[in-house]
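The values are calculated or read from the model by the stated rules, or taken from the named source; none is laboratory data. Keep in mind that this is a model prediction, so the values were computed, not measured. Here the Cβ positions follow ideal geometry from the backbone for every residue, glycine too, while neighbour counts run over all protein chains shown.
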Amino acid sequence: MKLAVVGTGYVGLVTGTCFAETGNQVTCVDIDERKVEKLNNGIIPIYEPGLDVLFHRNVEEGRLKFTTDLVEGIKGAEVIFLALPTPPGEDGSADLKYILKVASDLGPILNQYVVVVDKSTVPVGTAEKVHAHIADNAKVEFDVVSNPEFLREGVAVEDFMKPDRVVIGTRSERAKGVMNRLYAPLVRQGNPVIFMDERSAEMTKYAANAFLATKITFMNEIANLCERVGANVDDIRRGIGTDSRIGKRFLFAGIGYGGSCFPKDVQALAKTAQDYQYDFKVLKSVMQVNYSQKTKLIPQIVEHFDGNLRGKTIAVWGLAFKPYTDDIREAPALDNIKALLEAGAKVTAYDPEAMENVRNILGNQITYAHTSYAALDDADALVIMTEWPLFRTPDFDKMNLLLKNKVIFDGRNVYEVDQMRELGYTYYSIGREA
Ligand code: UGA
């Protein structure tokens, strides 16, 4: 099939590349000339494991193209995906200006039946708005479908190629046929394509992210209570996760969820509830708890150093909001670094992928180490903010020689408490005994 993808961010680029991989002819359109030039020169602007191999193969074999020209990009396309940003506005609601602008631009240039697909996470009612904006100037028939994306950064390609399910919101039989054909190669193992109306599909995406954010937050609160009652949150996780109704995944306590999706989507769903005069109490608590959870180690760090961090150097391992990404949007590490700097500490940080992005924000307010060990040199304590696998099995002998004190504040429960005790560390973690 011939497809167009408008917007080449994480979602757009993965969608375009993966659909090219299943044999489609894909043109990706973006208004950012520099980005398109880079992509045409074989440079992928994001770090996403596994994307490069698929990207280069499909570009070389002529199935994946990039342009800034919308007219050229959508020529002959049976499906046009909209994968555009929906940043939170001042009041927390998702800002639809990019999507609706493209919808208006599409109307006059469509010249055959096409399915326009909302792939971005958009508030309930957006498909109707997109339809109205296209219809204003359209001379041909078209359908607007809501097809939310459930991929996770870091495993986006795998999530896309082997989806647990595909949700498609449309009441048009013609559009259903097109979407079924497109997704058939990805659901061969029998994973369902679930059809529903547009509004329910839009709501499904928010419900999924809000539920997962709530699951994490619930465990974070259990962890906070574990610290007080003297229980171990890892045991609780194993104890409850084996109940199939609860499930093993997304029960890891830590310094809160971050990233570009959970915080934004929880906020946007809360705003939707407010717009419809519904008091969504659970969601409000989730936001509050996550906000305080992010910097929960700071008081412990300050107290450990007798209330004074002036002149102390703190090594920070991990800057990205989670492993296998260079994304630092809403990353707890940033809040913690800011708090440490405000308290008068010096910070030396290391992250395998995200240092350039942090440098663009914090500049020379902190020191950037070339390796995880270099960050420890002469540091008074180590703080772990992201659970990169590299940090799980370090050479402790080497660490002992570099760190001034054997003190670790672990925001991701990377080590076992007993192991740290045996190694002689003062070890603070989340939901476990100090
Ligand atoms: C999330 C969803 O998982 C995807 O299904 C969805 O498509 C995506 O948002 C989106 O809306 O685009 P992502 O933000 O890439 O994906 O990251 P996750 O792997 O879900 O992690 C989110 C946050 O939760 C991270 O900060 C992570 O550290 C935290 N987390 C995750 C925990 O604190 N504990 C856990 O047990 C799991």
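Find all pairs meeting these conditions: Cβ atoms under 7 angstrom apart; at least six residues apart or on different chains; first residue within region 22-47 and under 29 Å from residue 187 (Cα atoms); second residue modelled with pLDDT under 95 and of a type in the set (Phe, Trp, Tyr).
The qualifying pairs are 46/10.
Against the conditions (1) surrounded by fewer than 20 Cβ atoms within 10 Å (Cβ to Cβ); (2) within 17 Å of the chain's Cα centre (by Cα); (3) not in a loop (DSSP other than H, G, I, E, B), where does residue 273 fall short? Just the number, please.
(2) is the only condition that residue 273 fails.
Between 281, 296, 271, 205, which is modelled with pLDDT under 95 and either closer than 30 Å to residue 339 by Cα or within 10 Å of the ligand (Cβ to nearest atom) (or both)?
271
Somewhere in region 55-69, is a residue more than 16 Å from the ligand (Cβ to nearest atom), within 27 Å of residue 136 (Cα to Cα), modelled with pLDDT of 95 or more and not in a strand (DSSP E or B)?
Checked region 55-69: at least one residue is more than 16 Å from the ligand (Cβ to nearest atom), within 27 Å of residue 136 (Cα to Cα), modelled with pLDDT of 95 or more and not in a strand (DSSP E or B).
Could you tell me whether residue 250 is within 9 Å of the ligand (Cβ to nearest atom), over 25 Å from residue 399 (Cα atoms) and touching a Leu at 6+ places or on another chain (Cβ under 6 Å)?
So residue 250 fits the description; yes.
Just one of 353, 387 is charged (D, E, K, R), part of a loop (DSSP other than H, G, I, E, B) and either assigned by TED's automatic domain parsing to the domain that holds residue 255 or in contact with a Phe, Trp or Tyr (Cβ under 6 Å, 6 or more places away or on another chain) (or both); which is it?
Going through 353, 387 in turn, just one is charged (D, E, K, R), part of a loop (DSSP other than H, G, I, E, B) and either assigned by TED's automatic domain parsing to the domain that holds residue 255 or in contact with a Phe, Trp or Tyr (Cβ under 6 Å, 6 or more places away or on another chain) (or both): 353.
So which residues in region 349-392 are under 17 Å from residue 408 (Cβ atoms), more than 25 Å from the chain's Cα centre (by Cα) and not hydrophobic (A, V, I, L, M, F, W, C)?
373, 377, 378, 380
Being among the small types (Gly, Ala, Ser), crowded, with 22+ Cβ neighbours inside 10 Å and within 15 Å of residue 384 (Cα to Cα) is the filter here; which residues of region 321-371 pass it?
Result: 331, 333, 349, 354.
State all residues of region 250-260 that are surrounded by fewer than 24 Cβ atoms within 10 Å (Cβ to Cβ) and either at pLDDT below 95 or closer than 16 Å to residue 323 by Cα (or both); if no residue qualifies, say none.
250, 252, 259, 260
Exactly one of (1) more than 16 Å from the ligand (Cβ to nearest atom); (2) surrounded by 14 or more Cβ atoms within 10 Å (Cβ to Cβ); (3) assigned to a loop (DSSP other than H, G, I, E, B) is unmet by residue 122. Its number?
Against the list (1) more than 16 Å from the ligand (Cβ to nearest atom); (2) surrounded by 14 or more Cβ atoms within 10 Å (Cβ to Cβ); (3) assigned to a loop (DSSP other than H, G, I, E, B), residue 122 comes up short only on (1).
Given the structure, is residue 235 out of contact with any Pro (no Cβ under 8 Å at 6 or more places or on another chain) and farther than 23 Å from residue 320 by Cβ?
Against the criterion (out of contact with any Pro (no Cβ under 8 Å at 6 or more places or on another chain) and farther than 23 Å from residue 320 by Cβ), residue 235 qualifies.
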